[in-house]
Amino acid sequence: MKTDYKDNKKEFVYQMFNKIAADYDLVNQVISLGSNKRIKEQVVKNVILEPCSNILDVCSGTGDLAMNLVKYSDKNYKIIGIDFCENMIKLAEEKAKEFDNLKFIQGDALNMPFEDKTFDACFIGYGLRNLEDLRKGILEMKRVTKKGGYVISLDMGKPKGFINTLFRLYFDNFVPLFGKILHGNSVPYRYFPDSSKTFPSQEELVEIFKELGFSEVKNYNYVFGAIAQQIAKV
C-alpha cells in the first residue's frame, strides 16, 4: 500500500480502507476509547425524520451509522449505504443480512448513481476528509437530497486551547501506535491524524455548508470538540 496520499488521494484511500476493513471496527473502538459507538448513536438521534423516510449513508464503511438508523426501524426507514471499497461493503452486508430495509452498494461519493432529490436525508460519517474534493462531495449529497431534507456530517473537529494540545498529542502519537499493535501497520493510522490537520474546523464547515446554499446549519460537538457533527437543511 502507498504511504503518501498527496499525489493520488482517491487511490490511497481506496487501498487503505480495503486493507484495514477486517480490523476497522475494533481499532476504531479502541482509538476512540470506547466513545465511537455512543457518538454514532447520538448523531442519529439528533436528526428527526418522518416515518418511511428514504435515507442514504455515504462513505458507509462497515455500516455503523446505517445500523444505528435500523434501530429506528419502527419508523420504516428505507436505508442505502454506499461506499467505494468492496471489502467494507462485504462486512456491512454481513451485518445487515437480516434487515429488509437496509442494503449496501459500491459507488463513488463524488458521482453517485441516484436521481436528483431521491433521499430525505444523507448521512456521512468520517468521510468528508477522505474525499478529493470536499465541496463537490457536499454538493453531490445536496443534489440527491429532497428540498427540506438534511445532509448530516460526522467527522473530526478542532478543540480549543489546552484541550487541542492534549488531543493532538494523543491523535498524532498514540493512534498510530494502536494501529500498529492491533492492525500490524501504522500507515493508515498515521493518515487519520495527518488528514485531520488540513480538514476544516467545525466552524469553517458550518460556513462552507452555508456558502453552498444550505440553511439552518447546526453544529454539535463531542469529546470537547475533537469530533463534530453538522446538520444542514437543503
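Every read-out reported here was derived from the displayed coordinates using simple, explicitly stated rules and does not represent laboratory data. This is a predicted model, so every value here is computed, not measured. Positions of Cβ are backbone-derived with ideal geometry, glycine not excepted, and every protein chain shown enters the neighbour counts.
To the nearest 10 degrees, how steep is helix 187-198 against the longest Cα principal axis of the chain, on a 0 to 90 scale?
In the chain, helix 187-198 runs at an angle near 70 degrees to the longest axis.
Using r as the Cβ-Cβ distance of Asn46 and Lys10, and R0 as 30 Å, what FRET efficiency do you calculate, to the nearest 0.05?
About 0.50, to the nearest 0.05.
Based on the Cβ-Cβ distance of Phe224 and Lys75, what FRET efficiency does E = 1/(1 + (r/R0)^6) give at R0 = 22 Å, to the nearest 0.05?
The calculated FRET efficiency here is 0.10.
In nm, to one decimal, how far is the modelled label at Phe99 from the one at Lys197, with both set 7 Å along Cα→Cβ?
3.7 nm
Round to a whole angstrom and tell me the spacing of the C-alpha centers of region 168-233 and region 102-141.
18 Å
In the chain, what % of DSSP beta bridges are antiparallel (nearest 5)?
Once the DSSP bridges in the chain are tallied, antiparallel ones form about 40 percent.
Can you tell me the 0 to 90 degree angle between the C-alpha axis of helix 9-31 and the longest principal axis of the chain, rounded to 10?
In the chain, helix 9-31 runs at an angle near 80 degrees to the longest axis.
Distance from a point 7 Å along Cα→Cβ of Tyr170 to each backbone N in region 17-52: keep the residues under 11 Å and list them by number.
Once the point is set 7 Å along Cα→Cβ of Tyr170, 31-36 turn out to lie under 11 Å by backbone N, inside region 17-52.
How far apart, in nanometres, would the label points at Val30 and Asn87 be if each is projected 7 angstrom from Cα along the Cα-to-Cβ direction?
Once both label points are built, they end up 1.6 nm from each other.
I'd like the Karplus ³J(HN,Hα) series for region 152-169: coefficients 6.51, -1.76, 1.60, θ = phi - 60°, whole numbers in Hz, and an x wherever there's a Gly or Pro.
For region 152-169, the Karplus curve yields 10, 10, 10, 7, 5, x, 10, x, 9, x, 5, 4, 5, 4, 5, 4, 5, 4 Hz.
Given a cut-off of under 8 Å on Cα pairs at least six residues apart, what relative contact order in percent is computed for region 9-233?
Across region 9-233, relative contact order equals 18 percent.
Between Leu182 and Ser215, what is the label-point separation in nm under the 7 Å Cα-to-beta-carbon projection?
4.2 nm
For the chain, find the longest principal axis of its Cα atoms and tell me its angle to the long axis of helix 36-45, 0 to 90°, nearest 10.
Value to nearest ten degrees: 20.
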